[in-house]
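The values are calculated or read from the model by the stated rules, or taken from the named source; none is laboratory data. Since we're looking at a predicted model, the values are computed, not measured. In this analysis, Cβ positions are derived from the backbone assuming ideal geometry, glycine residues included, and neighbour counts consider all displayed protein chains. Calculation scope for accessible area: heavy atoms of the full protein, side chains included, ligands and nucleic acids excluded. Shrake-Rupley method; radii C 1.70, N 1.55, O 1.52, S 1.80 Å.
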Amino acid sequence: VQLQASGGGLVQAGGSLRLSCTAPGNIFSTHRMGWYRQAPGKQRELVAAFTSFGTTNYAESVKGRFTISRDNAKNTVYLQMNSLKPGDTAVYYCAATRMMQTYWGQGTQVTVSS
């Protein structure tokens, strides 16, 4: 299963980026979609995700700054990132999860300069 993530890059603190992730239709419609990130020397952590009920969860560190959304017609999930901070620098991964199974995208680098 291939999840195609894009949209990373280099941005100054306070700037914005939007990440996109496209999944195969049979995966997108049956799995919970979300975004994770991993900074150098740190464990991968949840950034934002949809729950089984269609609601959203966010890491405390990104609440009010990041927004996860989806376009079901395009099988695509987005992560709008505003007011970026150097601490947001990481490789961001798209994930599709159902029960104990998770598919991962290839990761996209986000670098926020101070």
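Picking from residues in region 1-43 that are loosely packed, with under 14 Cβ neighbours inside 10 Å and of a type in the set (S, T, N, Q), the one that is nearest to R70 (Cα to Cα) is S29. Would you be able to say whether some residue in region 44-55 is touching a residue at least 24 places away in the same chain (Cβ under 8 Å), open to solvent by 20 Å² or more (accessible area, probe 1.4 Å) and either outside any strand (DSSP E or B) or small (G, A, S) (or both)? Among the residues of region 44-55, at least one is touching a residue at least 24 places away in the same chain (Cβ under 8 Å), open to solvent by 20 Å² or more (accessible area, probe 1.4 Å) and either outside any strand (DSSP E or B) or small (G, A, S) (or both), which makes the answer yes.
Can you find, within region 95-110, the residue that is farthest from V47 (Cα to Cα) among those that are polar (S, T, N, Q), in a strand (DSSP E or B) and open to solvent by 50 Å² or more (accessible area, probe 1.4 Å)? Here the residue is Q101. When T30 is tested against the conditions (1) modelled with pLDDT of 95 or more; (2) among the polar types (S, T, N, Q); (3) not in a strand (DSSP E or B), the lone failure is (1).
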